[in-house]
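Here is the structure we will look at.
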Amino acid sequence: MKAVHGETFRVRSYEVDPLGRLQVPILCKLLQEVAVAHAAMLGVAVETLLDRGTAWVLSRMCLALNRWPHGGDHITIETWPEAMSKLIVERRFALSTRDGDPIGTVSTWWVVLDLERRRPVRLPSEAWDRLREYEIGSKPVKAGSLAVPEPAERELAFTVRRSDVDLAGHANNTSFVEWAMEAVPDEVWSTCDLCDLVVQFLAECHRGQTVLSRSQLLGDGDTPEVRHQLVRDEDGVEVARAVTTWQRSNV
């Protein structure tokens, strides 16, 4: 039996940008909310792992949308665990309108973090056994590294706030997405809609640290691409890479 869970959300006025589009970090939060609810249903809840000194953390995300939601829209998000190994669980999402018209897909890769040693560990046996009760593949898709912006054309600095930190004690993945999006050039952000987002999460950030968000614009046609890199200012450690692809709004 394949384990699928879905929820429908209305895009509220405070969740949109000045152009009326659902903010990218907000969409990521909705994806996370549906995933967390489904994990609890499957017996591998966030709280269960926390009680054992571990936590689910996102290691990679690939998002592709053919139409970006706007204020007042209803979007349905369905999710299911697609495949797992001893170290990784691949979870997928399908996004659609309230009428069932598809608007996008998302693939995510999750690992379990040991909260004392701050390093990934094998899936706990309890989680492995619970997930094996369902129809789940055994080979999560492998993906290569993303290119860094060379040279970086923009650099913005952000301080990790209390509101960025989640139950694992580090900046949530949605804050990483927010910092990357802020470095998108204005000429792209104001004339294009995001159609593809790939993020590779590499290291943690904690409250009070400074994160440098760097970007490089590639191409100025109808589908410009932006390369992103997030770096901890204090020690120069790279914490994330991303690539965003955009589509001119009038195309």
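Keeping all protein chains in place, calculate the accessible area per residue for region 201-251 (probe 1.4 angstrom), answer in Å².
Working: 2290 Å² over 51 residues.
That works out to 45 Å² per residue.
Sticking with the crude label model, points 7 Å out along Cα→Cβ, report the distance from E150 to R248 in nm, one decimal please.
It is 3.1 nm.
Once the piece of chain linking A94 and E187 is laid out straight, how much longer is it, given 0.36 nm per residue of separation minus the C-alpha distance between them? Don't skip to the answer; put the middle values down first.
On the way: separation 93, 0.36 × 93 = 33.48 nm, distance 2.97 nm.
Here the segment from A94 to E187 would lengthen by 30.5 nm.
Report the relative contact order of the chain, percent, no decimals, based on alpha-carbon pairs under 8 angstrom and at least 6 residues apart.
19
Determine the dipole magnitude for the chain: charges of +1 sit on the beta-carbon of Lys and Arg, -1 on that of Asp and Glu, nothing else is charged, the reference point is the Cα centre, and the result goes in debye to the nearest 20.
Details: 29 positive and 37 negative charges, 138 e Å.
It comes to approximately 660 debye.
How high is the FRET efficiency from E238 to A40, r the C-beta distance, R0 25 Å, rounded to 0.05?
Details: r = 33 Å, r/R0 = 1.31.
The value I calculate is 0.15.
Any idea of the accessible area per residue across region 53-111, 1.4 Å probe, to the nearest Å²? Walk me through the numbers before you get to the answer.
Working: 2210 Å² over 59 residues.
Ligands and nucleic acids excluded, the result is 37 Å² per residue.
State the extension gain, in nm to one decimal, for the chain segment bounded by R12 and R162, taking 0.36 nm per residue of separation less the distance between their alpha-carbons.
Details: separation 150, 0.36 × 150 = 54.00 nm, distance 2.40 nm.
Between R12 and R162, full extension yields 51.6 nm more.
Tally up the carbon and sulfur contribution to the accessible surface of the chain as a whole percent, 1.4 Å probe, everything protein left in place. Show your work: numbers first, answer last.
On the way: 5790 of 12220 Å².
Carbon plus sulfur share of accessible area: 47 percent.
Before rounding to the nearest 500, sum -39500 (n - 2.57) across all DSSP H runs of length at least 4 in the chain and divide by the residue total; then give [θ] at 222 nm in deg cm²/dmol.
On the way: 5 runs with 45 residues, N = 251.
Helix-only estimate at 222 nm: -5000 deg cm²/dmol.
Applying 1/(1 + (r/R0)^6) with R0 = 25 Å to the Cβ-Cβ distance of E126 and R207, what FRET efficiency is obtained, to the nearest 0.05?
Working: r = 30 Å, r/R0 = 1.22.
Efficiency, from the Cβ-Cβ distance: 0.25.
Rounded to whole Å, give me the distance from the Cα center of region 22-85 to that of region 122-194.
11
Fully extended, how many nm does the chain gain between V141 and T105 (0.36 nm per residue separation, minus their Cα-Cα distance)?
Working: separation 36, 0.36 × 36 = 12.96 nm, distance 1.49 nm.
Here the segment from V141 to T105 would lengthen by 11.5 nm.
Given T174, C192, L217, which one lies farthest toward the positive end of the charge dipole of region 150-244, if we put +1 on the Cβ of every Lys and Arg and -1 on the Cβ of every Asp and Glu?
T174
What distance in nm separates the simple spin-label points at R117 and E47, each placed 7 Å from Cα in the Cβ direction?
It is 2.8 nm.
If contacts are Cα pairs under 8 angstrom and at least 6 residues apart, what is the relative contact order of region 109-204 in percent? Intermediate values should be presented prior to the final figure.
Values: 33 pairs, mean separation 18.4, N = 96.
Across region 109-204, relative contact order equals 19 percent.
Excluding ligands, DNA and RNA, what is the solvent-accessible area per residue of region 122-174 at a probe of 1.4 Å, expressed in Å²? It would help to have the intermediate numbers written out before the result.
Values: 3510 Å² over 53 residues.
Ligands and nucleic acids excluded, the figure is 66 Å² per residue.
The values are calculated or read from the model by the stated rules, or taken from the named source; none is laboratory data. Treat the numbers as computed from the prediction; the structure is a model and nothing was measured. Reconstructed Cβ throughout: ideal geometry from the backbone, glycine too, with neighbour counts over all protein chains shown. We work out accessible area using only protein heavy atoms, side chains counted, and drop any ligands, DNA or RNA first. Shrake-Rupley method; radii C 1.70, N 1.55, O 1.52, S 1.80 Å.
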